[in-house]
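Just so it is clear, none of the values below were taken in a lab; they were calculated from the coordinates. Every value quoted in this text rests on a predicted model; they were computed, and no experiment measured them. Backbone-built Cβ (ideal geometry, glycine too); neighbour counts: all protein chains shown.
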Amino acid sequence: MGDHVPNKTRIAILISGRGSNMAALIYASRAAHCPYEIAIVTGDRSDALGLDLAAAEAVTVERLTYDKATYFEKLEELFSDHAIDVIALAGFMRILPADFVARWAGRIVNIHPSLLPRHRGLATHAAVLAAGETTTGCTVHLVTATLDDGPILGQVEVAVLPGDDASSLAERVLIAEHQLYPRILADFVTRERNPEWIREKVGSLAQTTSEVRFRPIAGP
Ligand code: GRF
């Protein structure tokens, strides 16, 4: 295990391919004020291009291959060895099993290249063009057992240009993804210091506790 920096949320990034969102998270994590560190990068393909980049950037890399019977068990062992707090999916192409998601509930985030809930699943940009949309974008969301369906943490809109094809659109949306993911991950891991989040949390707890008479206070 690498050096453990106190007070930073420890992130595991899971990838299957080139890892450009992974790179955006690694480079964002290098800012002194960044509230997270990338503790490990791994995935389901030992030859994924992004793993070479992560290794070259001196991030801990674990080259796993996918095996139906043991893969997710191995992954969890790895996360426990590396004291992982939050899992960030970045182009990870496996569906997480429901029991895995349940154990990590509220601690797995994903980036999807559309304005969810529109265009879940694969071939997103082609679907956006086929639907004649003039705006698309990208979404960072919490992962639940249903594909591309968890609570939305943040989105960026991207214009669809008249001459766009799926690849030109993907390229432009990717620029927005690289801006969005590091920022939303930072907001997410520091949410307990956010007065609005605390107010909402106290409010919803008070609603469920009959002994408490809760009077909402005005925001700042
Ligand atoms: C990104 O478009 C991401 O939104 C989607 O898969 C793609 C991965 O690209 N989930 P990269 O590996 O991060 O470059």
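Only Cα sites of region 1-131 enter the Debye sum here, all with the same form factor; the resulting log10 I(q)/I(0) across q = 0.14, 0.21 1/Å is -0.65, -1.33, listed in q order. One way to sum up the overall shape of region 99-220 is the equivalent ellipsoid from its Cα gyration tensor, whose semi-axes run 34, 16, 13 Å, largest first. With both labels modelled 7 Å from their Cα along Cα-to-Cβ, the ALA126 to ARG18 distance reads 1.7 nm.
If the segment from ALA145 to ALA31 were pulled out straight at 0.36 nm per residue, it would be longer than the present Cα-Cα gap by 37.8 nm. Modelled spin-label separation between GLU62 and LEU174, with each label point placed 7 Å from Cα along the Cα-to-Cβ direction: 2.8 nm. Would you be so kind as to identify all helices of the chain, as entire DSSP H runs, whose Cα atoms reach 27 Å or more along the helix's own axis and whose mean Kyte-Doolittle hydropathy is at least -0.5? Long hydrophobic helices here: 166-189. Taking the three principal axes of the alpha carbon atoms in the chain, the coordinate ranges are 56, 48, 38 Å, sorted in descending order. Applying the Kirkwood pairwise sum to the alpha-carbon positions of region 142-184 produces a hydrodynamic radius of 12.0 angstrom. Magnitude of the charge dipole for region 1-94, about its Cα centre and with charges confined to Cβ atoms of Lys, Arg (+1) and Asp, Glu (-1), is about 280 debye.
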